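Chemist: Just dropping this structure here.
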Amino acid sequence: MKPSPWIRRFIPAKPLVLGLLAAALSARAEIRDPCDAGWRFHLGDTPDGGQAATDDEAWRAVELPHDWSIEGKVDPAAPSEGGGGFFPTGIAWYRHHFTPPASWQGRRIAIEFEGVSANAEVFVNGRSVVRHPYAYTPFGADLTADLKFGQDNVIAVRVDTSPQPNSRWYAGSGIYRHVWLTISNPVHFDAGTTFVSTISAAMPSAVVRVEATVRNDSAAAANPSVEIRLLDDQGEAAATATVPTAVPAGSSQSIAAQLTVPSPHLWSPATPALYRAELRLTSGKGWSDTHVTTFGIRTVRVSAEQGFQLNGQTLPLIGGSVHHDNGPLGAAAFDRAETRRVELLKLAGFNAVRTSHNPPSPAFLAACDRLGILVMDEAFDMWGQSKLKQDYGPIFKEWSLRDIDAMVLRDRNHPAVVLWSIGNEVYERGTPAGEKIAHDLVSEIHRWDTTRPVTAGINGMGKGGDWVQTDHVYNQLDVAGYNYEMAQAQVDHIRYPHRVIVATESYQSEAFQNWAIIQGSPYVIGDFVWSALDYLGEGGIGRFYPPGEKVENHWEAVQYPWHGAECGDIDITGWRKPASHYRAIVWNRGEKLYAAVRTPSPDGKPWGLTKWSTIPELPSWTWPGQEGKPLTVDVYSRHQAVRVYLNGRLIQQKNTGVAQEFKATFEVPFAPGKLEAIGVDEVSNEGFVPDKPASPIAARPGFTWFESDRFPLLTAQAPAAIRLTPDRTTLRGDGQDLAFLTLEITDPAGTLNPTVNPAVQIALTGPGTLAGFANADMTSMEPYYANPRHPYQGRALVVIRTQHAAGPIEVTASAPGLASASVTLQTTPQP
C-alpha cells in the first residue's frame, strides 16, 4: 500500500494548551489539535509573506474557517463572472505563530488542511513545504524538520483565486475549512489507512473488517501489537481483537482483522446508529499511538432487479444535489452550519444528497452520519476538457488520481457515503478517451474501496450527438447517472437490462414523473433534483421573467445583478419553498396537504420560465391591490380530494390522486380574510360516524366525504412587529458555534406580512458577533455582512457566531415603526 495523503478520521479533539499537550505526549499518545485560532490575514499579495521575519502585527486577526470573498461586494466587472456570483477573488496570505515545546522533539509534527480555496502554498519558517491546487480535497505537510523547538515558528499560507473564471458556482476564497496540528510518535498509525467496512450484516450478528497500517519512522525495528475495540453508541465494547505486527525501521506494515458484532445496531436513515473503532498501538513500554474512527454497520447493494438496497432492504433514493456554500457565510464550513444544512434536507423529506460537484467538508459528512442522510460523494465537475478558462481541466492529468485518493481515503469510513461519483457532465462523455478516463478513475476508487458502487452524472450529447455515445462511459460505471435524461431510461433498459440508473440531476417540474418511473422500475434507484438548496454563484439559474421579457438561460447572457441560484427547494435563509412541500407529498414523506398562491404578473400574462424555473408562489393570502381579481391557488395533497373555502364559503372540490399528480388548481377571486384548503377522503358509512355532518357534495352511495386535514392562509394586517426565532439558544463559547435566527415581519396577530421589507438593524451585547445577515433575494446588492439589511418577502436570516467566552448574548432586531424583538442566547464555557 502506498503512503497516503495526510488525511485522517478522528473524533474532534478539544483545544489543548501546550502544557496539556506536553503532558499527554508523556503518555506516548498521538494528539490532533485544532489549529483554527490565532491566524493573521492580509488581503493582497506580498513578496515576503512566507518569510519568518515578516512583520505581520498589523495584519487582521481571523479565526478559521474563513472566506474572504463573501466579505466583498458583488461587481458586474468581477473576473469570477456570473458563475462565481460576481464576488471578488484574488491573492491573500494567512500566517500563524506558535511555539512548540521541547517535549515535542523526537515526535512527528504535521499540519493538515481540510480545504483551501485555492492554489494553496504552505511555508514553514520561510521554506515552501507543499502546494495544493484543488479547493475541495484535504492535504498537509510534515513540519518536523523545519521546526525550532522552544522558539517562535511561523506557518504561512498563500492562497490564489486570481485565475478566473475558475468555477461554475461560488467557490469562495481562503482557508475555509478546519486546520489541524498532529503530533505523533515515531511508531504510529499511517494517516488515512484505517478502514472499517461491513462484510455482512445478517442477524443475529455482523462481521466487520478493520484495516490499518503501522508506520515506523524510527531507526530501529518495532514489534508492536494493534489492539482493536469496537464500541457502540453507549461506549460499551461490542467486539475486540489483538493483531501482532513486525515493522522494520523506516517502513510500514498493514494489518487486518475481522470481528463479529453480536446483535448489531444497523445504520440507516431511519436509525443512524454509529459505532467507534478504537485502535491502540502497544508495546512493552505501554501504548504509543491511538486512532479512533466513527463508522456504521450497514451493507450496500445495487441491482437492476432489486434497486438500491441498504441492509438488504430496497430503498429509493429521494435525493437533492447541493453545492458547498452556506449562504451568508459563503464557503466557510463551520460545523454548525454544515449540520444545519443536513437538518434542513432531512426536514424537507430528503433521504439522500449529492455533493455537487466536489467532495464536501468532513463536518458535512459527519452530520449526514449522525442524522441519517445517504450521500453521493462527487469528485469533479470536469475531466481533462475544461468548461472554463481556469478550471480543473488543465491540472486533471497530474492531480486527478491524487485527489480521488484523498477523497476516498478520507470519506470511506462514513456510513452515510453509499455512492462515489467521478464527474459531472464531462465533455469526454461520448468518446473512447472518456471511456479510458472513467476506467482509470473507477479502478483507483476500487483500489481503496470495493464496498460502494461508482457513478457519474452524464447529460445528453447535444445537437448532432447520439445518446448511445454515452455508453462509452456508462460501460465503466456501476451505476449510470442520468442528468435530465430520464426519458431514455426505458429504452436503455431494453438495450442493457442489467444497467442500474439514477437521476443524478432533474428539474423540479419532474418530481411526479420521476417518482412514477421509480415506482414501476426497480432499475431506476432514485432521483436527485437540481437543486435541493439555493446557492451562491451560477447567477440567474432558476429565475423567472416578467411577461414580454426575453427568457434566457443562465449561461446564455450575463444575468447581473443575479449573484446566486434560485432553483432550490429551500432558499438560503432555510425557508422551504412550495416545490419542497410538493416533493415531500409526492414521495409520501409525512406531509399530506399544502397550499400556495401564484404571484400575479404585472399584466396578468404568464411568467417567463426556463427549465430550472418554477412559477413564483407564496403560502399567503396577502395580496393588496388584487381585490376582486382571480388568483390562482395550487393545492398539493395526498388526500383523495381537496376543498377550497374562502371566508367559510366553499369554492370548489377537486380530486388530488395519482391521476391528478397529487395536485389541484383553483381560481379564487381575492378578498381579504382566510383562504383554507381542506383535505377530504371518501369513507365508508358502514360502521363509521364522521365527526362532521354529511358533505354537501355528493359522494358515492354508502360513502361520505370526511374532512380530515386543514391548511389555512390568512390575510396579514399592517406590519406591527419583528419576530426572531432562533434554531438554538444554548451555544458553545468556543469561537466556532453558530445560532441561526429567522427574522419575520408580522402583523399584530403574528401573521407574516410578505409585502413589507423595512431596513432592520441588529444589535448585539455579550460574547458574540454578527457572522451574516441574509435575505433570499439573489438580486439584492446588500452585502451579507450589511447591518441594517432589508428582509425579502417579510423574511431574513441572522447568523450569530460565539466568541471564546461564556455568558448571555442579547440579540435585538429593530426597524422604524415596528415593535422590536429580542432573543437571549446562552454560551457555555469551554475548556
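Chemist: Check the stretch 258-277 and report whether any residue there is open to solvent by less than 40 Å² (accessible area, probe 1.4 Å), in contact with a His (Cβ under 9 Å, 6 or more places away or on another chain) and under 27 Å from Val187 (Cβ atoms).
Modeler: Yes: one or more hits.
Chemist: Those residues that are among the charged types (D, E, K, R) and either open to solvent by 60 Å² or more (accessible area, probe 1.4 Å) or closer than 18 Å to Gly679 by Cα (or both), I need them from the stretch 598-647; list them, please.
Modeler: Result: Arg598, Asp603, Lys605, Lys611, Glu627, Lys629, Asp634, Arg638, Arg643.
Chemist: So if I check each of Ala406, Ala438, Ala456, which one is in a helix (DSSP H, G or I), under 23 Å from the mean Cα position of the chain (by Cα) and modelled with pLDDT of 95 or more?
Modeler: Ala406 is the lone residue from the list that is in a helix (DSSP H, G or I), under 23 Å from the mean Cα position of the chain (by Cα) and modelled with pLDDT of 95 or more.
Residues checked against (1) open to solvent by less than 10 Å² (accessible area, probe 1.4 Å); (2) of a type in the set (A, V, I, L, M):
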| residue | (1), (2) |
| --- | --- |
| Ser303 | no, no |
| Gln313 | no, no |
| Pro316 | no, no |
| Asn326 | no, no |
| Ala332 | yes, yes |
| Arg336 | no, no |
| Leu347 | no, yes |
| Val353 | yes, yes |
| Leu374 | yes, yes |
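Chemist: Which ones in the stretch 294-309 are farther than 14 Å from Cys368 by Cβ and not small (Gly, Ala, Ser)?
Modeler: Ile297, Thr299, Val300, Arg301, Val302, Glu305, Gln306, Phe308, Gln309
Chemist: Further, regarding this structure: Taking the stated definitions as given, is Phe364 in a helix (DSSP H, G or I) and surrounded by 19 or more Cβ atoms within 10 Å (Cβ to Cβ)?
Modeler: When the stated conditions are applied, Phe364 passes them.
Chemist: Take the residues of the stretch 543-565 that are among the aliphatic types (A, V, I, L, M) and assigned to a loop (DSSP other than H, G, I, E, B): which is least open to solvent (accessible area, probe 1.4 Å)?
Modeler: Filtering the stretch 543-565 for residues that are among the aliphatic types (A, V, I, L, M) and assigned to a loop (DSSP other than H, G, I, E, B), the one least open to solvent (accessible area, probe 1.4 Å) comes out as Ala557.
Chemist: If Gln652 satisfies every condition in (1) more than 23 Å from Ser580 (Cβ to Cβ); (2) touching a residue at least 40 places away in the same chain (Cβ under 8 Å) but one, which is the exception?
Modeler: (2)
Chemist: Among the numbered criteria (1) at pLDDT below 95; (2) of a type in the set (A, V, I, L, M); (3) out of contact with any helix residue (DSSP H, G or I) (no Cβ under 9 Å at 6 or more places or on another chain); (4) surrounded by 23 or more Cβ atoms within 10 Å (Cβ to Cβ), which one does Ile175 miss?
Modeler: Every listed condition holds for Ile175 apart from (1).
Chemist: Next question. Does Val342 satisfy the criteria of being free of Cβ contacts under 8 Å to residues at least 40 places away in the same chain, buried (at least 24 other Cβ atoms within 10 Å of the Cβ) and in contact with a Cys (Cβ under 8 Å, 6 or more places away or on another chain)?
Modeler: Against the criterion (free of Cβ contacts under 8 Å to residues at least 40 places away in the same chain, buried (at least 24 other Cβ atoms within 10 Å of the Cβ) and in contact with a Cys (Cβ under 8 Å, 6 or more places away or on another chain)), Val342 qualifies.
Chemist: Quick one: how many residues across the stretch 573-590 are over 19 Å from Gln513 (Cα atoms) and in contact (Cβ under 8 Å) with a residue 60 or more places away in the chain?
Modeler: 5
Chemist: Which condition number in (1) open to solvent by 10 Å² or more (accessible area, probe 1.4 Å); (2) of a type in the set (A, V, I, L, M, F, W, C); (3) in a strand (DSSP E or B); (4) under 19 Å from Gly794 (Cα atoms) is the one that Leu650 fails?
Modeler: (4)
Chemist: Right, another one. Between Gly250, Gly235, which is open to solvent by 30 Å² or more (accessible area, probe 1.4 Å), under 35 Å from the mean Cα position of the chain (by Cα) and at positive phi?
Modeler: After applying the criteria, what remains is Gly235.
Chemist: A further question on this structure: Mind counting the residues in the stretch 115-140 that are farther than 19 Å from Met407 by Cβ and in a strand (DSSP E or B)?
Modeler: 7
A quick yes/no check of all residues on (1) assigned to a loop (DSSP other than H, G, I, E, B); (2) surrounded by fewer than 24 Cβ atoms within 10 Å (Cβ to Cβ):
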position: Gly526; (1), (2): no, no
position: Ile541; (1), (2): yes, no
position: Gly568; (1), (2): yes, no
position: Gly574; (1), (2): yes, yes
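Chemist: Restricting to the stretch 459-504, count the residues that are outside any helix (DSSP H, G or I), farther than 21 Å from Gln306 by Cα and among the hydroxyl-bearing types (Ser, Thr, Tyr).
Modeler: Looking only at that region, the number is 1.
Chemist: Which pairs do you get when a residue that is under 19 Å from Asp534 (Cβ atoms) and assigned to a loop (DSSP other than H, G, I, E, B), found in the stretch 604-621, comes within reach of a residue that is modelled with pLDDT under 95 and of a type in the set (Gly, Ala, Ser), reach meaning Cβ atoms under 6 angstrom, with the pair 6+ apart or on two chains?
Modeler: What qualifies is Trp607/Ser601.
Chemist: Among the residues of the stretch 79-129 satisfying the criterion of being among the β-branched types (Val, Ile, Thr) and open to solvent by 30 Å² or more (accessible area, probe 1.4 Å), which is farthest from Ala565 (Cα to Cα)?
Modeler: Ranking the qualifying residues of the stretch 79-129, first place goes to Thr99.
Chemist: Would you tally the residues in the stretch 455-476 being at negative phi, surrounded by fewer than 22 Cβ atoms within 10 Å (Cβ to Cβ) and of a type outside the set (Asp, Glu)?
Modeler: 11
Chemist: Same structure, new question: Could you look through the stretch 208-225, keep only residues that are within 31 Å of the chain's Cα centre (by Cα) and open to solvent by 10 Å² or more (accessible area, probe 1.4 Å), and pick out the one that is nearest to Leu274 (Cα to Cα)?
Modeler: Arg209
The values are calculated or read from the model by the stated rules, or taken from the named source; none is laboratory data. Worth saying up front: this structure is predicted, and the values here are computed from it rather than measured. Quick reminder, even Gly has a Cβ in these numbers, built from the backbone with ideal geometry, and neighbours come from all protein chains shown. These accessible areas exclude ligands, DNA and RNA; they are computed on the full protein's heavy atoms, side chains included. Shrake-Rupley method; radii C 1.70, N 1.55, O 1.52, S 1.80 Å.
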